[in-house]
1. Just how far, in whole angstrom, is the stretch 1-27 from the stretch 68-101 if you go by their alpha carbon centroids?
2. Would you kindly state how much longer the chain becomes between V181 and D146 on full extension, computed as 0.36 nm times their sequence separation minus their alpha carbon distance, in nm to one decimal?
3. Using the charge dipole of the chain (Lys, Arg: +1 at Cβ; Asp, Glu: -1 at Cβ; taken about the Cα centre), state which of H196, P212, Q91 has its Cα farthest towards the positive end.
4. Just to compare against my own numbers: the Cα pair-distance distribution for the stretch 1-127, 10 Å bins, whole % per bin, please.
5. Tilt of helix 42-55 relative to the longest C-alpha principal axis of the chain, in degrees (0 to 90, nearest 10)?
6. Rounded to the nearest 10 degrees, what's the angle between the helix 59-73 long axis and the longest principal axis of the chain, both from Cα atoms, 0 to 90?
7. Show me 93-102, 7-16 ranked by packing, highest mean number of other Cβ atoms within 10 Å first.
8. If you place +1 on the Cβ of every Lys and Arg, -1 on the Cβ of every Asp and Glu, and leave all else neutral, what size is the dipole of the stretch 139-198 about its Cα centre, to the nearest 20 Debye?
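Just so it is clear, none of the values below were taken in a lab; they were calculated from the coordinates. Computed from a prediction, not measured in an experiment: that's the story for all the values here. With ideal geometry, Cβ positions are generated from the backbone for all residues, glycine too; neighbour counts draw on all protein chains shown.
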Amino acid sequence: MEELRRAYHDRIGWLRDVTIDIVRDAADAVENVTSAILDHDRAAGEVIAADAVEATTGLPGVETEVLDLLAQQAPVARDLRIILASLRIAQVGELCLGLCRSLASRVGLSDDVLTPALRVLIGEMGSQTAALLEQANGAWIALDQDQARAVISSAERCRELQRRFLAELLSLEGVPVDAAVGLGMAARAYERLTDHAVDIAGRVVFAATGAPPAVGDAAG
């Protein structure tokens with residue numbers, strides 16, 4: 001019986017390891033694709049897009065393992081919460097990687113309208129969004145509800161940068177429509193990445209405590 005329980009907990013540990021890797025890859029991709037945008041490096045964008053696809057290959061295994069654990073082990077309480085959180089976090093990580101692929105596909109397309117102010121804001125959005133994902137992943141690694149709630153609170157700073165970016169973009173005159181739309185969609189991608197970091201943090205709070213984060217904890 002002890003051996004069976006050890007194997008069961010090893011499987012849960014494997015789930016967490018895979019999801020941790022997926023989110024870590026997503027955070028790295030955000031940082032790398034931001035650098036590619038600022039450096040006008042289309043070749044780097046292509047590599048980032050390919051790496052993002054490769055990083056999602058662990059998701060089907062997570063989904064299969066979660067279904068097997070639910071069917072065979074009937075987990076309850078904290079184990080059940082961690083298993084369900086693992087599935088959702090893996091799915092959110094895949095969404096983040098998809099957004100990074102979308103950003104990578106836009107590298108070089110709006111360079112002509114990237115003013116110095118917009119470049120600074122993109123750099124800040126990228127670094128803060130990547131840091132938010134890293135912090136959310138750290139909370140997941142440690143199952144630290146306080147760190148998770150800090151992610152939820154910090155998200156507003158990222159959203160403020162996104163609003164400033166859009167305001168700066170709209171203030172420009174004579175910008176080609178396609179370029180403006182492309183940059184607006186890039187800002188939207190960073191916004192969604194922020195939302196996903198908050199989602200991960202909320203799952204950590206749930207896994208650690210059994211309760212969702214309080215409404216007052218949510219930002220934006």
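1. Going from one Cα centre to the other spans 10 Å.
2. Numbers: separation 35, 0.36 × 35 = 12.60 nm, distance 3.78 nm.
Length gained between V181 and D146: 8.8 nm.
3. So the residue we want is P212.
4. Taking all Cα pairs of the stretch 1-127, the binned fractions are 13, 35, 23, 16, 10, 3, 0 percent.
5. Once rounded, the angle reads 10 degrees.
6. The two axes meet at around 20 degrees.
7. 93-102, 7-16
8. Details: 7 positive and 9 negative charges, 13 e Å.
My answer is approximately 60 debye.
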